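What follows is a single structure, written as structure tokens, with notes after it.
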Amino acid sequence: MFKPPNSDTLTGLLVQVSRRDRWQVHRRLQELKIPCWCPADGSLRVEINNSIEAVLVRSTVLQFIASRAELVDWLQRCWQV
């Protein structure tokens, strides 16, 4: 698990996902080489350093929180662009 540079102060974006999905999102973000950690309070924190990482975090989280219909709609809009 990634620890922030100074573990006394938690920095980064707080990602709102259920505790059930948190570890799967965490694992996927690590695969993408995006710094993230799960503090003892049960939250998921992500360090975003550029716009590409922001898009990747958004996409990863959507896979877990969006309904199938929302994902299909999003994919169809991507194909239209």
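Kindly establish whether V72 is of a type outside the set (K, R), exposed (fewer than 12 other Cβ atoms within 10 Å of the Cβ) and either at pLDDT 90 or above or in contact with a Leu (Cβ under 8 Å, 6 or more places away or on another chain) (or both). Break it down into steps so the answer makes sense when it comes.
Working: of a type outside the set (K, R): yes; exposed (fewer than 12 other Cβ atoms within 10 Å of the Cβ): yes; either at pLDDT 90 or above or in contact with a Leu (Cβ under 8 Å, 6 or more places away or on another chain) (or both): yes.
Yes, satisfied.
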Checklist entry - Can you find a residue in region 7-26 that is modelled with pLDDT of 90 or more and over 17 Å from F64 (Cα atoms)? => result no
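Output the number of residues of region 28-48 satisfying the condition of being surrounded by 10 or more Cβ atoms within 10 Å (Cβ to Cβ) and out of contact with any strand residue (DSSP E or B) (no Cβ under 8 Å at 6 or more places or on another chain). Full working, then the answer.
Filtering region 28-48 down to residues surrounded by 10 or more Cβ atoms within 10 Å (Cβ to Cβ) leaves 28-30, 32, 34-39, 43-48.
Now restrict to residues that are out of contact with any strand residue (DSSP E or B) (no Cβ under 8 Å at 6 or more places or on another chain): 28, 32.
Total meeting the criteria: 2.
Residue by residue, here is whether (1) within 17 Å of L14 (Cα to Cα); (2) charged (D, E, K, R) holds:
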| position | (1), (2) |
| --- | --- |
| W37 | yes, no |
| R45 | yes, yes |
| V57 | yes, no |
| V61 | yes, no |
| S67 | no, no |
| E70 | no, yes |
| W74 | no, no |
Item to check | Number of the condition not met by D41 [criteria: (1) modelled with pLDDT under 90; (2) in contact with a Gly (Cβ under 6 Å, 6 or more places away or on another chain)] | outcome: (2)
Next on the checklist: If a residue must be free of Cβ contacts under 8 Å to residues at least 12 places away in the same chain and within 24 Å of C78 (Cβ to Cβ), how many such residues does region 17-48 contain?
Outcome noted: 2
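The values are calculated or read from the model by the stated rules, or taken from the named source; none is laboratory data. Everything quoted here is computed from the prediction, not taken from an experiment. Positions of Cβ are backbone-derived with ideal geometry, glycine not excepted, and every protein chain shown enters the neighbour counts.
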